[in-house]
Amino acid sequence: MRIPHQAEGFIPALKVYNTLTREKVDFEPINPPFVGIYLCGPTVYNLAHIGNARPAVFFDVVRRYLTYLGLKVRFVRNITDVGHLTGDSDEGEDKISKQAKLEQIEPMEIVNFYTQKYHQVIDKLNVLRPSIEPTATGHIVEQIELVQKILDIGLAYVSDGSVYFDVNKYRMKENYGELSGRILEELLETTRELEGQKEKKNSADFALWKKANPEHLMRWNSPWGEGFPGWHLECTAMSTKYLGKSFDIHGGGLDLMFPHHECEIAQAKAAYGEAPVKYWMHNNMVTINGTKMGKSLGNFITIEDLFSGKNELLERSYSPMTVRFFILQAHYRSTLDFSNDALLAAQKAYKRLINALMIVKKLAYPLHPKSEIDEQNDEQIQGFCDTMLKGMQDDFNTAIAIGQLSNIVKKINSFYINPETIDTIKQGTFERMKSLYQTMIEDILGLEEEKSDNQEAFLRALLDLYAEAKEKKEYATVDKIRASFKNNNLIIKDLKNGVDWAYQE
RNA sequence: GGUUUCGUGGCCGAGUGGUUAGGCAGGGCUCUGCAAAAGCUCCCACAGCGGUUCGACCCCGCUCGAAACCUCCA
């Protein structure tokens, strides 16, 4: 994919790192101009944490960038509201059911509650809503059909009301482990004793459909009795339904590579005989003091915590755009280490970028340029723009892009201070810089101005001046302030015990 | 134990076989009633040891160190 309308500079084709082949390759959509992206979404039984924010934000940028390139993107991000097993001691219990019992409410209530919570914080991060946001519970029929299909083909077997994928049989034709690089023999040696192991032919087999225990809250009828879908099934069923048997990009966290995505490939190849995904993209983990953040490790910070500052690991609160900027400042395949210092630095850098954004919108090239062109400066600015786009073309390197934006900020500020020097660069260069700066920040990186919400404080300060002027009988000032309030449809009220403001009725 | 990744300046974080990443912090200068902002500028690097090369932070090997995955997890 090439950049549209970029006459200046040579910008190479878009490259993406494909986890499947472990190399950067040219991105060529299967059916241009259409692109299908499937991203593993949240399991809605808990509040979203920083680790959930990273894929949401990064793949949002992927989507925005591909759209910028002129592609028509269908972006699917699922909501997992059933199915995934809980940790070791829970003996195959459904996460959401477990949480429901804990909170003594309907599972669906949990699901709705946390889905809304998820939307709230993700919206604040300015992540565009997916084109389609399917839920696992809404696709039980499709999942049962998929299980049946794999059974019919003979790559699964029924055992005591559950259905398992026959990894050994699949392996005779396909390469189980092609994505994660796992070797089955090694897996067998290291696989731990888990519940349900006895029912399996082979410890590496995984459940497509799981029989529900009597106390299990979420359950559906199926040809194999009451139960619930296996842990990896929903993504295969829903991605196939909405993006087809073979689609362009499947994204998710690195930790989902095995077993989740490996199993998705196996399920899809078993059922349809073709590879489901052309480009697998995995974002790296967020760490805290060099250690992975995990639900089970108890060191996780929710996104809400970040916004409110209410977490003992946080020295203060950080705005949504600060968090978004922080995430994009690192390349998605690097681990991102969290710290207060890093967040604070990100906040300052973000504000600097936004200040320049407000400035650049007001800058204009003179109608009658009279200065001599400063070729060196002109070339430098073109170079920043080129490098920025090259960075994005090179596996979505947002870190490079942001670095170049910072370089452009200096130029913008210089032109702001000395507007008469704007015509020392060519008009084309100026317009390119201006439009690319805005497009990159707002449309591609999805960063937006965060208006301060303390207008009350501003009004108070003005009212103080008003009262002071009145005291001194400086009525010219008094009238001026009153007029400016009035211009904004506000009125000043002189009260016996002070001044106040109100909306003009 | 197996698989994989990584080790960059006070902190965060890109990148490359020979040329400035960038941000934050710190020093200096300009501007300035004070302060801030902004501009200019300086400082601080590529874990260690070998090898390949005219030349390596970047390639290869070893050592040390860290992390992730192998089990639900973004």
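Read-outs: derived from the displayed coordinates by stated rules, not from any lab. The structure presented is a predicted model; accordingly, all values stated were derived computationally and were not measured. Here the Cβ positions follow ideal geometry from the backbone for every residue, glycine too, while neighbour counts run over all protein chains shown.
Test of understanding: what is the full-extension gain from A:Ser435 to A:Arg182, defined as 0.36 nm times their sequence separation minus their Cα-Cα distance?
So the extension gain works out to 86.4 nm.
Calculated FRET efficiency, A:Arg171 and A:Asp443, Cβ-Cβ r, R0 30 Å, to nearest 0.05?
0.10
Which length gain, in nm to one decimal place, applies between A:Asn289 and A:Glu372 when the Cα-Cα distance is subtracted from 0.36 nm times their residue separation?
Full extension from A:Asn289 to A:Glu372 adds 24.7 nm.
Counting other Cβ atoms within 10 Å, keep those with at most 15, restrict to DSSP loop, and tell me which GluC sites (Glu not before Pro) in the stretch A:364-438 are left.
The qualifying sites are A:Glu372.
State the Cα centre-to-centre distance between the stretch A:161-186 and the stretch A:382-431 in whole Å.
The two parts, judged by their Cα centres, are 50 Å apart.
Per-residue HN-Hα couplings for the stretch A:251-267, Karplus 6.51 cos²θ - 1.76 cosθ + 1.60 at θ = phi - 60°, whole Hz, x for Gly and Pro?
So the J values, rounded to whole Hz, are x, x, x, 4, 6, 8, 4, 10, x, 3, 6, 4, 5, 4, 4, 4, 4.
Taking the mean number of other Cβ atoms within 10 Å as a proxy for protection, how do you rank A:485-497, A:172-184, A:326-338 from highest to lowest?
Output ranking for A:485-497, A:172-184, A:326-338: A:326-338, A:172-184, A:485-497.
How far, in degrees from 0 to 90, does helix A:233-243 lean away from the longest principal axis of the Cα atoms of chain A, to the nearest 10?
Relative to chain A, helix A:233-243 is tipped by roughly 60 degrees.
Is the stretch A:15-283 rounded, prolate or oblate when judged by the Cα gyration tensor, a ≥ b ≥ c being the square roots of its eigenvalues, rounded requiring a/c under 1.5 and prolate requiring a/b larger than b/c?
oblate
Using only the alpha-carbon atoms, how far is helix A:140-153 inclined from the longest principal axis of chain A? Give it as 0 to 90 degrees, nearest 10.
40 degrees
Between A:Ser406 and A:Leu102, what FRET efficiency follows from the Cβ-Cβ distance if R0 is 60 Å, with the result rounded to 0.05?
That pair, A:Ser406 with A:Leu102, gives E of 0.80.
Using only the Cα atoms, work out Rg/Rh for the stretch A:455-503, with Rh taken as the Kirkwood radius, to two decimals.
0.93
Equivalent-ellipsoid semi-axes (√(5λ), Cα gyration tensor) for chain A, whole Å, largest first?
51, 31, 18
Give me the one-decimal nm value for the distance between modelled label points at A:Tyr365 and A:Leu465, 7 Å along each residue's Cα-to-Cβ direction.
3.8 nm
For the stretch A:339-444, calculate the relative contact order in percent as a whole number, restricting contacts to Cα pairs under 8 Å that are 6 or more residues apart.
Reported relative contact order: 37 percent.
Residues in the stretch A:215-251, backbone N under 15 Å from the label point at A:Lys149 (7 Å along the Cα-to-beta-carbon vector): list them, ranges by number please.
Inside the label zone: A:233-247.
Nearest 5 percent is fine: what portion of the DSSP beta bridges confined to the stretch A:15-283 is antiparallel?
Of the beta bridges lying entirely in the stretch A:15-283, close to 50 percent run antiparallel.
Rounded to the nearest 0.05, what FRET efficiency do A:Lys496 and A:Tyr475 have when you use their Cβ-Cβ distance and R0 = 22 Å?
The formula returns an efficiency of 0.65 here.
Angle, helix A:50-68 long axis vs. longest principal axis of chain A, Cα atoms, 0 to 90°, nearest 10?
Computed tilt is about 70 degrees.
Using Cα-Cα distances under 8 Å and only pairs 6 or more residues apart, what relative contact order does chain A have, in percent?
15 percent
Taking every DSSP beta bridge that has both residues in the stretch A:194-316, what percent is antiparallel when rounded to the nearest 5?
Antiparallel bridges make up about 50 percent of those DSSP assigns within the stretch A:194-316.
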